[in-house]
Amino acid sequence: MSENEKKISLTRDGYNKLHSELELLKGEKRRQIAKDLSEARSHGDISENAEYDAAKEAQAHNEKRISDLENTLSRALIMDNISIANGESVLGATVRVKDERSGEESDYMLVSEAESDFDLNKISATSPVGRALMGHRAGDIVEINVPRGTLVYKIIKIS
């Protein structure tokens, strides 16, 4: 199975956000870029027109992102009704951990790479921390090797 055929696990929320972004890029963003191109063309010679070049570059970036989103969404496997009844951390679960060294607690939602957003504490299940937390239960101690050393987390809660 090629990389472009593999299923991508997404939460329902993640799927909806990617779909909304795709609709925005295909609609409003495309219209704005077309307007920018038209305006830049109206200034005459496009061979030395920086506005035209910038609009063409924006168009290329937009079309690439549209293509990437369509590819991701076409391979999406939506993880609805996530079952954490057995108490294991799975894709879509929020895991509260306590750093055994500092005592600091953090919440991480385990998501796919396509949904990860560290600012929102959504970490990829394939990242070092995400991979280490997958399949564990509350009370487990997990050691995670990261570039800056070894993290030691105790899983406090899974929801």
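Rule-based calculations on the coordinates, nothing more; no lab input. The structure displayed is predicted, hence computed values, not measured ones. We place every Cβ from the backbone using ideal geometry, glycine too, and count neighbours over all the protein chains shown.
Quick rundown of the values:
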| read-out | value |
| --- | --- |
| Residue match in the range 136-144 (condition: surrounded by 14 or more Cβ atoms within 10 Å (Cβ to Cβ), farther than 21 Å from S20 by Cα and free of Cβ contacts under 8 Å to residues at least 24 places away in the same chain) | yes |
| Residue within the range 113-123 that is more than 24 Å from D68 (Cα to Cα) and among the acidic types (D, E) present | no |
| Checking A114 against (1) in contact with a Lys or Arg (Cβ under 7 Å, 6 or more places away or on another chain); (2) in a helix (DSSP H, G or I); (3) touching a residue at least 24 places away in the same chain (Cβ under 8 Å), the condition it does not meet | (1) |
| Selection from the range 1-48 of residues that are outside any helix (DSSP H, G or I) and surrounded by 17 or more Cβ atoms within 10 Å (Cβ to Cβ) | I8, S9, L10, T11 |
| Boolean, V152 is in a strand (DSSP E or B) and under 22 Å from the mean Cα position of the chain (by Cα) | no |
| Residue within the range 100-112 that is touching a Phe, Trp or Tyr at 6+ places or on another chain (Cβ under 9 Å) and among the hydrophobic types (A, V, I, L, M, F, W, C) present | no |
| Of all residues making up the range 49-60, the number that are part of a helix (DSSP H, G or I) and either over 14 Å from K29 (Cβ atoms) or in contact with a His (Cβ under 9 Å, 6 or more places away or on another chain) (or both) | 6 |
